[in-house]
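*Asks:* Attaching a single structure in structure tokens format; questions to follow.
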Amino acid sequence: MRAKAFIGCLYLSLLLSLPTQADFSGELGVEARWFPKDAQYAGQLNALQTSVFAEPEWNISPTENTRLSFIPFLRLDARDKDRTHADIREAYWLYIEDDWELLAGVNREFWGVVESRHLVNVINQIDAVENLDGEDYLGQLMLNITLQKAYGRFSFYLMPLFRERTFNGAEGRLRPALVVDNNTTRYQSRAERWHTDVALRYSHYVGDWDIGLSYFDGTSRAPRLVSNADHSRLIAYYDQIKQLAVDLQYTHQAWLWKFEGLAREGQGHRFLASVIGLEYSWFQLFDSHADLGFLIEHLYDGRDQKEAPSSFQDNDLFLGLRYSLNDIQDSAALVGLLRDLEDQSSSLRLEAERRIGSHLKLELEAQLFMNSNANPTSMAFQQDDFIVLRLSHHY
Amino acid sequence: MISQLTGNTLLLLAALALSSTSAEELEGKGYQIAERSDRSDHGFSDSTATINMVLRNAAGAESKRELEIRTLEVIDQNSGDKSLIIFSSPRDIKGTALLSFAKILDADDQWLYLPALKRVKRISSSNKSGPFVGSEFAFEDFTANELNKYTHKWLRTEPCAEFVCDVIERHPLYENSGYTRQIAWIDQSVYQMRKLEFYDRKNALLKTLEFKDYQKFQDSYWRAQRLLMHNHQTQKNTDLLYSDYHFKTGLDDNDFVKGVLKRAR
């Protein structure tokens, strides 16, 4: 109740402070997450976890060549205090010329082409308490220069401040057996979070090919989780890594052929990881307006699970179906199955969404974990099947 | 005797000539008319406009979308124009942007930007006949306005509203079209399209598009302010209401690259 009142006040104050020349928009939502099975670990919540969230957005163009963006984010969770958090998703100043641009401030960048894992996407830290799909990111402070040439786009990033990954608290589900201590973090670099990370990216297209090449040198976004002295908690340890990555897509008629690959050093042995896959769309299914997409991807990860942050996706197969009604409400659904080819542990995920009227959006998500006890990483989730219902107001 | 023979022979020759060349002549005439209409638009260089899209179902229930369209003229006859469409409403898809490089007979190049994940996706353009954002316009209705994407055949001349129109039948030459043919009404005064009928794959009348309220910009370029699409088979309608037209705004190739999609709002 208190949370709702707070959101209400926040919303009102935002509306009142709205500068007239700015483009103001955003999203306000409520979310209910239901865990049908009893928790595996002591202290974890059972049944219903509710929360509210807000993501207002201001975009201003003070002059023809400059842009300002400000997007704060807030979630208030009724059950897990570590899921209650605020962030600045974007707060930047952007200067645009015909063939170059300069951005200073907090921003989000997305790189990559595949669906089952965002392997080469490295600029932003994952806001892991938000969702299990790793598609919510914390804002990253950066200085970013981009050059657009006839032969491609070059982007250079300097990132002076590292963001720690968020983790669910002791009350939260979808966490390891031991709670990750959000107050203690260790770094390989003596500069700790103030290590300046650098990244370069080249992207272009030639005919039916889209290509991206990227290099990153800095603090790994994924931590290794090591237990503390008395083995009561986990401590996040962030290594320094260097990685070279490539993403490719070949688009031909209704077929999309996709590849992402990287070579990384700094976390034990140098290793390779890749996702290769394809997507076929059956447009206007049975003469309707609907489309059905078929996805298949193979995930490989050569990392040593002890030396590097553990990863689910060492040798996995992803199968997916995407159904889009192409109706006025933009109704769509995606079902995906990820299966470990070695230990047979799997996870089935459903996402569905539909607009209601012109400002509301209803989303349904569900995830099931199957045969999880066969895999040391996913074992922690074996009781954590969940269903999420989310209603958001877009203005 | 001789004169009668000559007369008959001439008649016969004329009849032969008419029957053997008529199809070619009709196509030649059709192409000329379509080309004249196409040429009337040459040199616009670039344009921007706001579109209010009103979707109406058979029961009359309305839903609205607002988008901005930026177009860059590509002079080369062998490739089409570049366009960028950016949505500002409904609010949950605000910032969604579609970049298209139209081709003549090859598949268009298209990229879609999804603001929720800040992700740019190259998408298949073979979905030509699929509905554009749930409307009665298909993707190809937006991108297939290039002269050489069709054969053109003159059918007849007839009055159309306050004009006299040439009626042209055109057949798509590109792959994956949802139409067997289209019938276009092009006026003889300023050479603009006034009406377009779409026939589906079974050659049944599917849709009629009417072009209303033409205005002349920059003393040269005619643009319809209202495009009204009616689907005869579902009784659904989509209106495109154009406003805020600007020409020669200084846009260039660098404004039509996938890298700018994320800030194109």
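Any read-out appearing in this document is the output of simple, stated calculations on the displayed coordinates, not a laboratory observation. These figures come from a predicted structure and were not determined experimentally. Note that each Cβ is placed from the backbone with ideal geometry, even for glycine, and that neighbours are counted across all protein chains shown.
*Asks:* Hey, with R₀ at 56 Å, roughly what FRET efficiency would A:LYS149 and A:ASN46 work out to, going by the Cβ-Cβ distance, to 0.05?
*Replies:* Working: r = 57 Å, r/R0 = 1.01.
E(calc), rounded to 0.05, equals 0.50.
*Asks:* For the stretch B:180-246 and the stretch A:377-395, what is the centre-to-centre distance using only Cα atoms, to the nearest Å?
*Replies:* 47 Å
*Asks:* Moving on to the next point. Mind sorting A:LYS37, B:LYS236, B:LYS202 by how few other Cβ atoms lie within 10 Å of their own Cβ, fewest first? Walk me through the numbers before you get to the answer.
*Replies:* Details: A:LYS37 14, B:LYS236 20, B:LYS202 7.
Ranking A:LYS37, B:LYS236, B:LYS202 by Cβ neighbours within 10 Å, fewest first, gives B:LYS202, A:LYS37, B:LYS236.
*Asks:* Can you give the Rg/Rh ratio of the stretch B:14-112, where Rg is from the C-alpha atoms and Rh is the Kirkwood radius?
*Replies:* On the way: Rg = 20.1 Å, Rh = 17.0 Å.
Radius of gyration relative to Kirkwood radius: 1.18.
*Asks:* Got a sec? Charge dipole of the protein assembly as shown, +1 on Cβ for Lys and Arg, -1 for Asp and Glu; which of A:GLN40, A:ALA245, A:GLY268 is way out at the positive end?
*Replies:* It is A:GLN40.
*Asks:* Suppose we keep just the alpha-carbon trace of the stretch B:116-252; what are its Rg and Dmax in angstrom?
*Replies:* In Å, with Rg to one decimal and Dmax whole: 16.3, 53.
*Asks:* Based on the inverse mean of 1/r over its pairs of different Cα atoms, what is the Kirkwood hydrodynamic radius of the stretch A:53-169, in Å?
*Replies:* Values: mean 1/r = 0.0636 Å⁻¹.
It works out to 15.7 Å.
*Asks:* Right, next: Please name whichever of A:ALA254, A:GLN188, A:HIS118 sits farthest to the positive end of the charge dipole of chain A, dipole taken about the Cα centre and charges placed at Cβ: Lys and Arg +1, Asp and Glu -1.
*Replies:* A:GLN188
*Asks:* Specify the inter-centroid distance of the stretch B:87-112 and the stretch A:316-374, based on alpha-carbon positions, in whole Å.
*Replies:* Centre-to-centre (Cα) distance: 25 Å.
*Asks:* Shifting gears a bit: If each DSSP helix of 4+ residues adds -39,500 (n - 2.57) and the sum is divided by the residues in chain B, what number results at 222 nm, nearest 500 deg cm²/dmol? Please report the intermediate quantities before stating the final value.
*Replies:* Numbers: 2 runs with 43 residues, N = 265.
Helix contribution divided over all residues of chain B: -5500 deg cm²/dmol.
*Asks:* Normalized C-alpha radius of gyration of chain A, against 2.2 N^0.38 Å? Write out the running numbers ahead of the final one.
*Replies:* Details: Rg = 21.5 Å, N = 395, 2.2 N^0.38 = 21.3 Å.
That works out to 1.01 for chain A.
*Asks:* Starting from the Cα of B:SER79, step 7 Å along the direction of its Cβ; do the same at A:LEU362; then give the gap between the two resulting points in nm.
*Replies:* Each label point is offset 7 Å from its Cα along the Cβ direction, giving 4.6 nm.
*Asks:* Compute the whole-percent fraction of alpha carbon pairs in the protein assembly as shown spaced more than 32 Å apart.
*Replies:* Taking all Cα-Cα pairs of the protein assembly as shown, the fraction more than 32 Å apart is 56 percent.
*Asks:* Okay, next question. Using only the Cα atoms of chain B, build the gyration tensor, take square roots of its eigenvalues as a ≥ b ≥ c, and label the shape rounded, prolate or oblate: rounded if a/c is under 1.5, else prolate if a/b is larger than b/c, else oblate.
*Replies:* Details: a/c = 2.15, a/b = 1.93, b/c = 1.12.
Note, shape of chain B comes out prolate.
*Asks:* About its Cα centre, what dipole magnitude does the stretch A:35-174 give when the only charges are +1 on Lys and Arg Cβ and -1 on Asp and Glu Cβ, stated in debye to the nearest 20?
*Replies:* 360 debye
*Asks:* For the protein assembly as shown, what is the charge dipole size about the Cα centre, in debye to the nearest 20, if Lys and Arg each add +1 at the Cβ and Asp and Glu each add -1 at the Cβ? Mind dumping the intermediate values first?
*Replies:* Details: 74 positive and 93 negative charges, 199 e Å.
I would put it at about 960 debye.
*Asks:* Which entries in B:LYS195/B:LYS258; B:LYS121/B:LYS212; B:LYS153/B:LYS262; A:LYS149/B:LYS195; A:LYS81/B:LYS118; A:LYS149/B:LYS207 show an alpha-carbon gap greater than 32 Å?
*Replies:* Details: B:LYS195/B:LYS258 34 Å; B:LYS121/B:LYS212 35 Å; B:LYS153/B:LYS262 43 Å; A:LYS149/B:LYS195 42 Å; A:LYS81/B:LYS118 28 Å; A:LYS149/B:LYS207 42 Å.
Too far apart for the 32 Å limit: B:LYS195/B:LYS258; B:LYS121/B:LYS212; B:LYS153/B:LYS262; A:LYS149/B:LYS195; A:LYS149/B:LYS207.
*Asks:* While we're on this one: Set Lys and Arg Cβ to +1 and Asp and Glu Cβ to -1, take the dipole of the stretch A:254-318 about its Cα centre, and tell me which of A:GLN284, A:GLY302, A:GLN313 lies farthest positive.
*Replies:* Looking along the dipole axis, the top candidate is A:GLY302.
*Asks:* Hey, what do the phi angles of the stretch A:279-286 turn into as Karplus ³J(HN,Hα) couplings, whole Hz, using 6.51/-1.76/1.60 and θ = phi - 60°, x for Gly and Pro?
*Replies:* Result, ordered by residue: 9, 10, 10, 9, 7, 6, 3, 6 Hz.
*Asks:* May I pose another question? HN-Hα J couplings of the stretch B:164-181 from phi, Karplus 6.51/-1.76/1.60, θ = phi - 60°, integer Hz, Gly and Pro as x?
*Replies:* Running phi through 6.51 cos²θ - 1.76 cosθ + 1.60 with θ = phi - 60° gives 10, 10, 8, 9, 10, 9, 10, 10, x, 9, 7, 6, 6, 6, x, 10, 7, 7 Hz.
*Asks:* Using the alpha-carbon centroid of each, what span in Å lies between the stretch A:48-100 and the stretch A:174-226?
*Replies:* Here the answer is 21 Å between Cα centres.
*Asks:* Straight-line reach from B:LYS64: which lysines fall under 17 Å, measuring Cα to Cα and dropping same-chain residues less than 8 apart?
*Replies:* In chain and number order, the partners are A:LYS361, B:LYS94, B:LYS236.
*Asks:* Which of rounded, prolate, oblate describes the stretch B:104-163, given a ≥ b ≥ c as roots of the alpha-carbon gyration tensor eigenvalues and a/c under 1.5 marking rounded, otherwise prolate only if a/b is larger than b/c?
*Replies:* On the way: a/c = 3.71, a/b = 2.09, b/c = 1.77.
Prolate is the answer for the stretch B:104-163, as a/c is 1.5 or above and a/b outweighs b/c.
*Asks:* What does the average come to when, for each residue of peptide B:63-76, you count the partner chain Cβ atoms lying within 10 Å of its Cβ?
*Replies:* On the way: counts 6, 2, 2, 0, 0, 0, 0, 0, 0, 0, 0, 0, 0, 0.
Neighbouring Cβ atoms belonging to other protein chains average 1 per residue here.
*Asks:* Additional query: Using a cut-off of 12 Å between alpha-carbon atoms, which aspartates and glutamates can reach A:LYS37, once sequence neighbours fewer than 8 places away in the same chain are excluded?
*Replies:* The reachable aspartates and glutamates, counting only those whose Cα sits under 12 Å from A:LYS37, are A:ASP384, A:ASP385.
*Asks:* For A:SER155, A:SER189, what's the fewest-to-most ordering of other Cβ within 10 Å of each Cβ?
*Replies:* On the way: A:SER155 21, A:SER189 16.
So the ranking, lowest neighbour count to highest, is A:SER189, A:SER155.
*Asks:* Could you work out the relative contact order of chain A? I mean the mean sequence separation of Cα pairs under 8 Å and 6+ apart, divided by the number of residues, in percent. Before the final figure, lay out each step's value.
*Replies:* Values: 1033 pairs, mean separation 46.9, N = 395.
Worked out over chain A, it gives 12 percent.
*Asks:* Over the Cα atoms of the stretch B:33-183, compute the convex hull volume and normalise it per residue, giving Å³. Each step should come with its number before you reach the end.
*Replies:* Values: hull volume 21.8 nm³, N = 151.
Spread over its residues, the Cα hull of the stretch B:33-183 gives 145 Å³ apiece.
*Asks:* Let me ask something else about it. Quick check on chain A: helices-only [θ] at 222 nm, where DSSP H runs of length 4 and up contribute -39,500 (n - 2.57) each and the sum goes over total residues. Nearest 500, please. Intermediate results must be reported in sequence, preceding the final value.
*Replies:* Working: 1 runs with 15 residues, N = 395.
So the calculated ellipticity at 222 nm is -1000 deg cm²/dmol.
*Asks:* Run the reach check for B:LYS248 against aspartates and glutamates, Cα to Cα strictly under 12 Å, same-chain hits fewer than 8 apart removed. What comes back?
*Replies:* Filter leaves B:ASP46, B:GLU73.
*Asks:* Kirkwood Rh and Cα-based Rg: tell me the resulting Rg over Rh for the stretch A:147-240, rounded to two decimals. Don't skip to the answer; put the middle values down first.
*Replies:* Working: Rg = 18.4 Å, Rh = 15.9 Å.
That ratio equals 1.16.
*Asks:* Would you mind checking the tilt of helix B:2-39 against the longest principal axis of the Cα atoms of chain B, expressed as 0 to 90 degrees and rounded to 10?
*Replies:* Helix B:2-39 and the main axis of chain B meet at about 10 degrees.
*Asks:* Something else: Between B:GLN218 and A:LEU278, how high is the FRET efficiency from 1/(1 + (r/R0)^6) when r is the Cβ-Cβ distance and R₀ = 51 Å? Nearest 0.05.
*Replies:* Numbers: r = 47 Å, r/R0 = 0.91.
Working from the Cβ atoms, E equals 0.65.
*Asks:* What is the order of B:CYS160, B:CYS165, fewest Cβ neighbours within 10 Å to most? Mind showing how you got there, number by number?
*Replies:* On the way: B:CYS160 16, B:CYS165 22.
Ascending number of Cβ neighbours within 10 Å: B:CYS160, B:CYS165.
*Asks:* Whole-Hz ³J(HN,Hα) for each residue in the stretch B:111-122, computed from phi via Karplus 6.51 cos²θ - 1.76 cosθ + 1.60 with θ = phi - 60°, x for glycine and proline: what do you get?
*Replies:* Karplus values, whole Hz, x for Gly and Pro: 10, 10, 9, 10, x, 4, 10, 6, 10, 9, 10, 6.
*Asks:* Would you work out the charge dipole size for the stretch A:211-361 about its Cα centre, treating the Cβ of every Lys and Arg as +1 and the Cβ of every Asp and Glu as -1, and quote it to the nearest 20 debye?
*Replies:* Values: 15 positive and 22 negative charges, 74 e Å.
It comes to approximately 360 debye.
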